[in-house]
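Note sheet for the following structure.
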Amino acid sequence: MLSQYMEQIETLGLNFFFAAIFFFIGMAIHDVLKQGKVPKFGRYIVWLVLFLGCAGFVAKGIIQVSWESSGIG
């Protein structure tokens, strides 16, 4: 039982870690685009991809933990 909870915490933490890495990479890309005088439209696309990527990793972690804790997975 305890190992199951530890695996769920590890999975959730790993997904949040990937979301944070994705966010920092996206911020670095955004800063490079901002210095290169790229139009705002290009920066908005980077923000959109950044948001969707982070939200995807966080949602995946939450859904996976709730799926496993309900006994289905």
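For region 1-19, enumerate the residues that are open to solvent by less than 100 Å² (accessible area, probe 1.4 Å) and under 20 Å from the mean Cα position of the chain (by Cα).
Gln8, Thr11, Leu12, Gly13, Leu14, Asn15, Phe16, Phe18, Ala19
So which residues in region 1-21 are aromatic (Phe, Trp, Tyr) and either in contact with a helix residue (DSSP H, G or I) (Cβ under 7 Å, 6 or more places away or on another chain) or modelled with pLDDT of 80 or more (or both)? Lay out the reasoning, then the answer.
We begin by selecting, within region 1-21, every residue aromatic (Phe, Trp, Tyr); these are 5, 16-18.
Across region 1-21, the qualifying residues are Phe16, Phe17, Phe18.
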Subject >> Residues being of a type in the set (A, V, I, L, M), open to solvent by 70 Å² or more (accessible area, probe 1.4 Å) and in contact with a helix residue (DSSP H, G or I) (Cβ under 9 Å, 6 or more places away or on another chain) - total across region 22-71 >> reply: 4
Original post:
Which residues, taken from region 20-62, are more than 13 Å from the chain's Cα centre (by Cα), in a helix (DSSP H, G or I) and among the β-branched types (Val, Ile, Thr)?
Top reply: Ile29, Val32, Ile45, Val46
**OP:** Tell me which residues, restricted to region 26-40, are over 19 Å from Gly53 (Cα atoms) and either acidic (Asp, Glu) or touching a Lys or Arg at 6+ places or on another chain (Cβ under 9 Å) (or both).
**Re:** Lys34
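The values are calculated or read from the model by the stated rules, or taken from the named source; none is laboratory data. Only a predicted model underlies this, so the values are computations on that prediction, with no experimental measurement involved. Positions of Cβ are backbone-derived with ideal geometry, glycine not excepted, and every protein chain shown enters the neighbour counts. Ligands, DNA and RNA are stripped out before the accessible areas are found, and what is left, the full protein with its side chains, is counted by its heavy atoms. Shrake-Rupley method; radii C 1.70, N 1.55, O 1.52, S 1.80 Å.
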